[in-house]
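**Student:** My questions will all concern the structure given below.
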Amino acid sequence: MRFDTVIIGGGLAGLTAGISLQEAGQKVAIVSAGQNAMHFFSGNFEEIGTARERVSALFASAGVRTHSSDGWMLMPMGSMREVSLTLDDVAVFPDKHVAEKALIVNYTGFHDFYGTFLAEALEKNGTTCRIRFVRIPEMEHLRLSPSEMRSVNIARVMDEHWEKVVSDIRVLLKDEDLILLPQVFGLKDLSVLDKIRTAFPARVAFIGTMPPSVPGIRTQMLLKRRFEVLGGTFLMGDEVTSAAMHEGIVSSVTTRNLDTARLFADHFILATGGYFSKGLVSTPTLVNEPLFGLDIDYPEDRNAWYDPDFFADQPYLNFGVKTDESLRAVKDGVPLQNLYAIGSILGNTRKADYGSAAGLAIRTAFAVADTIKGGNV
Amino acid sequence: MKLQEFTASAHNFEECMKCTICTAYCPVVPVNPRYPGPKQAGPDGERLRLKDPYFFNQALKYCLNCKRCEVVCPSGVKVADIIQSARIRYDHTPPRLRDRVLANTDFMGRLARPFAPIVNGVTSLGVTKTVLDVTFAIDRHRTFPKYSGRSFEGWLKRRAKEQAKFPKQVAYFHGCYANYNYPQLGKDFVKVMNALGIGVQLLEKEKCCGVALIANGMSQKAARNAGQNVQALQKAVDAGLTVLTTSSTCTMTLRDEYPELLKVDNASVRDSVILATRYIYQLIESGAAQLRFKENYRARIAYHMPCHLEKLGWGIFSYELLKMIPGVEFTLLDSNCCGISGTYGFKKENYEASQAIGKPLFDQIRSVNPDFVACDCETCKWQLEMSTGYTVKNPISILAEALED
């Protein structure tokens, strides 16, 4: 099968590049070995830099709403983080004093949302907090199994029965000017978010839960659908098993499912992520990139890979695939001519140019898409 | 320091990192609170079962075996295989009569064929449906698949000589559906293959692939079928034949369930068992053959990829072939389970869950409003036709009707 570009990895980086190229008229295939780190997404596009408007526009075309303004985001454990671009789900506050009085609402038995931590942190910044719990009969079935009281399962119920929770909260609300709710809304029906926001005389803020992330899953589904609507081919649950390379050019890859039906393309983009998704693999003796055997800089002494202080900046997070200036991946000291690396597989190797996390994924995806489009003109 | 270099565990269950992505995509979890979810039923439960079989939970029977958990798992854990293997290993409840009837698709087909018009008439009667519902727990909303008075095997045997004249040959694993219920699919397949200059042969002795037997607690019988099928496939492969299929679920069973669940070694034949759309796509792409279509063919087609085809990763071949037909307006439906899962949806206790699972798909089909739906799975076809009223056609049948006369 022949494509203009084959992207290996269907997370934020791969989908952003795929949509950009498909919009430019390319024929693109994405090979995705299972779902990805979008399912743990906080909703904050860290270090997005100048890509802010471009990503807002691209996401809007997919039906993903973003929120572009500088301010502070309240994290699940109560800390505050500076943000400039977030998913619309995230409440952005002008300063760390988020409100005079806050009502924190959780579901009875939902252990992935930490009201007490939130209250402790907020009270340090002068917000008086009250924590209350709600339960509605439509959610009781989730209690039958000890492991099913999870964000996504609650969100499915909330898409249909959010009004019941709203009326319960109306009864609980006294003179608070802020209501904090877990991010368990709008899995399929995005309009629920606005309906809840406008249902009270107080401001409503949705705060992140433990994974899986409801806004992240929804974003992944919408981006994938946008890519497919544009005519892209998304091969879910498949993985690249080998690549044909000759004189610094990748000509095709094989996948586990398609085996003899090789995927040929002019350009290949490696967006397989970091250690979590096995874009990078560490063994007791080495760190490697398993598909192409690309170059990675890291010390031989394993003790230098990590800092015993768990919260310190961990050296292994700085390991990543080496590239040239245009993000062409380097193998045996030489950049391959048509293989680009984007997203977390770069580790912190390109932090100065592209930042980290979601910013890195999106900015490197745009940079490579532009290079490929430029080359085609 | 001694370090373990590689981990190796049955169905990769040690690789599970408890991310719960599988549970987020499981079609059963949102509709059936009694199902513990793939993570709990699969890798989490496996840890406990390995300690003591006492921890086996009957609720594992609610798993559809749709494999969606495996398709989304970021760590390569064969979640559904863990669950189905646990059912095979620990559940020794004898299957009830209803489940035996539903699962023995080939036996029932042979039994019903001579009396097809009577059987079809009787099973479509309201009173029969009520009786089956009350006495047998087969849901009254279901329409029983129709049986054909003549089997596909008989039809092809009568044409063996003319098929043998083609210079190139393939073998066909038709499955129970094409043989007993809808021989037209087999005939369409033969028509398309002949148009490509290829003759079609039967396998020397084909048995039901056994997927319904596995699902209904008759894995020993399934393994016997598997053993006989591997022998039959081996003979074809030894004769230099590729074995083509038109049912996505039979294909997945022959290729993957035999070694993973039934422990039947199929290594020497696995790569030769291929869904017909894949074979045809690759043949056309390589330039070795071409199909000529009617100039005035027009159809608005919505394609539903069956779960087991998504697991195989071969849906792309089916829909790319459909897109090749001039005059086709194509829509790829969102990835969703239709809810029937073979015999699962026929059972009274699963009817509501089955329809709730399929609802997003039914709704999307109605909003797309195609001329008809395309799908490679016969049980999806029953479910979608009953639940939406739209006709569902196998991509092979669509190719056959679009072929230039």
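The values are calculated or read from the model by the stated rules, or taken from the named source; none is laboratory data. Not measured: the values here are computed from a predicted model. FYI the Cβ positions are ideal-geometry reconstructions off the backbone, even for glycines, and counts take in every protein chain you see.
**Student:** In the list B:E352, B:E329, B:E310, B:E404, which residue meets the criterion of being buried (at least 18 other Cβ atoms within 10 Å of the Cβ) and not β-branched (V, I, T)?
**Tutor:** B:E310
**Student:** Here's a follow-up. What about B:I325, is it under 29 Å from A:R218 (Cβ atoms) and more than 19 Å from the chain's Cα centre (by Cα)?
**Tutor:** no
**Student:** In the stretch B:317-345, what residues are under 12 Å from B:C66 (Cβ atoms) and in a helix (DSSP H, G or I)?
**Tutor:** B:Y344, B:G345
**Student:** Considering only residues that are basic (K, R) and in contact with a helix residue (DSSP H, G or I) (Cβ under 7 Å, 6 or more places away or on another chain), look in the stretch A:197-226 and name the one that is farthest from the other protein chains (Cβ to nearest Cβ).
**Tutor:** A:R226
**Student:** Then there's this: Just wondering, is there one or more residues in the stretch B:210-217 that are surrounded by fewer than 19 Cβ atoms within 10 Å (Cβ to Cβ) and touching a residue at least 24 places away in the same chain (Cβ under 8 Å)?
**Tutor:** no
**Student:** Can you tell me which residue among A:T50, A:T66, A:T16 is closer than 30 Å to B:C16 by Cα and either away from chain B (no Cβ under 14 Å) or modelled with pLDDT of 95 or more (or both)?
**Tutor:** The match here is A:T16.
**Student:** Take A:F227 and tell me if it is part of a helix (DSSP H, G or I) and modelled with pLDDT of 95 or more.
**Tutor:** So A:F227 passes the test.
Conditions (1) more than 20 Å from the chain's Cα centre (by Cα); (2) free of Cβ contacts under 8 Å to residues at least 40 places away in the same chain; (3) within 19 Å of B:Y182 (Cβ to Cβ), marked per residue:
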{"position": "B:L361", "(1), (2), (3)": "no, no, no"}
{"position": "B:R366", "(1), (2), (3)": "yes, yes, no"}
{"position": "B:D371", "(1), (2), (3)": "yes, no, no"}
{"position": "B:C377", "(1), (2), (3)": "no, no, yes"}
{"position": "B:L384", "(1), (2), (3)": "no, no, yes"}
{"position": "B:T391", "(1), (2), (3)": "no, yes, yes"}
{"position": "B:P395", "(1), (2), (3)": "no, no, yes"}
{"position": "B:I398", "(1), (2), (3)": "no, no, yes"}
{"position": "B:E401", "(1), (2), (3)": "yes, no, yes"}
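**Student:** Just the residues that are acidic (D, E) and away from chain A (no Cβ under 14 Å), please, taken from the stretch B:247-283.
**Tutor:** Within the stretch B:247-283, B:E257, B:E260, B:D265 meet the criteria.
**Student:** Residues that are under 30 Å from A:I269 (Cα atoms): which strands (runs of 3 or more DSSP E) entirely in the stretch A:31-137 hold 1 or more of them?
**Tutor:** Once the strands (runs of 3 or more DSSP E) in the stretch A:31-137 are filtered for at least 1 residues that are under 30 Å from A:I269 (Cα atoms), what remains is A:66-74, A:80-87.
**Student:** Hey, can you tell me all the residues within the stretch A:235-277 that are in contact (Cβ under 8 Å) with a residue 40 or more places away in the chain, facing chain B (nearest Cβ under 8 Å) and not charged (D, E, K, R)?
**Tutor:** Matches in the stretch A:235-277: A:L235, A:M236, A:G237, A:T255, A:L258, A:A261, A:F276, A:S277.
**Student:** Now a separate question. Please find, among A:D194, A:D189, A:D177, the residue that is more than 20 Å from A:L118 (Cα to Cα), more than 10 Å from chain B (Cβ to nearest Cβ) and touching an Asp or Glu at 6+ places or on another chain (Cβ under 6 Å).
**Tutor:** That would be A:D189, the only listed residue that is more than 20 Å from A:L118 (Cα to Cα), more than 10 Å from chain B (Cβ to nearest Cβ) and touching an Asp or Glu at 6+ places or on another chain (Cβ under 6 Å).
**Student:** With the condition kept exactly as written, say whether any residue in the stretch A:204-217 is touching a residue at least 24 places away in the same chain (Cβ under 8 Å), farther than 23 Å from A:N44 by Cα, aliphatic (A, V, I, L, M) and in contact with a Ser or Thr (Cβ under 9 Å, 6 or more places away or on another chain).
**Tutor:** no
**Student:** May I pose another question? Among the residues of the stretch B:297-352, what is the count of those that are at positive phi and within 13 Å of chain A (Cβ to nearest Cβ)?
**Tutor:** Residues flagged as at positive phi and within 13 Å of chain A (Cβ to nearest Cβ) within the stretch B:297-352 amount to 1.
**Student:** I'd like the residue in the stretch B:37-63 that is crowded, with 24+ Cβ neighbours inside 10 Å and outside any helix (DSSP H, G or I) and, out of all such residues, is nearest to the other protein chains (Cβ to nearest Cβ).
**Tutor:** The extreme case among them is B:G37.
**Student:** Continuing with this model, one more query. So, A:E148, is that one facing another protein chain (nearest Cβ under 9 Å) and of a type outside the set (S, T, Y) or not?
**Tutor:** So A:E148 passes the test.
**Student:** Output yes when any residue across the stretch B:77-85 is under 22 Å from the mean Cα position of the chain (by Cα) and within 10 Å of chain A (Cβ to nearest Cβ), and no when none is.
**Tutor:** Yes, some residue in the stretch B:77-85 is under 22 Å from the mean Cα position of the chain (by Cα) and within 10 Å of chain A (Cβ to nearest Cβ).
**Student:** Look through the stretch B:11-33, keep the residues that are part of a loop (DSSP other than H, G, I, E, B) and more than 7 Å from every other protein chain (Cβ to nearest Cβ), and return whichever of them is surrounded by the fewest Cβ atoms within 10 Å (Cβ to Cβ).
**Tutor:** Restricting to residues being part of a loop (DSSP other than H, G, I, E, B) and more than 7 Å from every other protein chain (Cβ to nearest Cβ), the top hit is B:K18.
**Student:** Next up: As an exercise: evaluate A:Y298 against (1) over 17 Å from A:L280 (Cα atoms); (2) touching a strand residue (DSSP E or B) at 6+ places or on another chain (Cβ under 7 Å); (3) modelled with pLDDT under 95; (4) not polar (S, T, N, Q) and give the number of the one condition it does not meet.
**Tutor:** (1)
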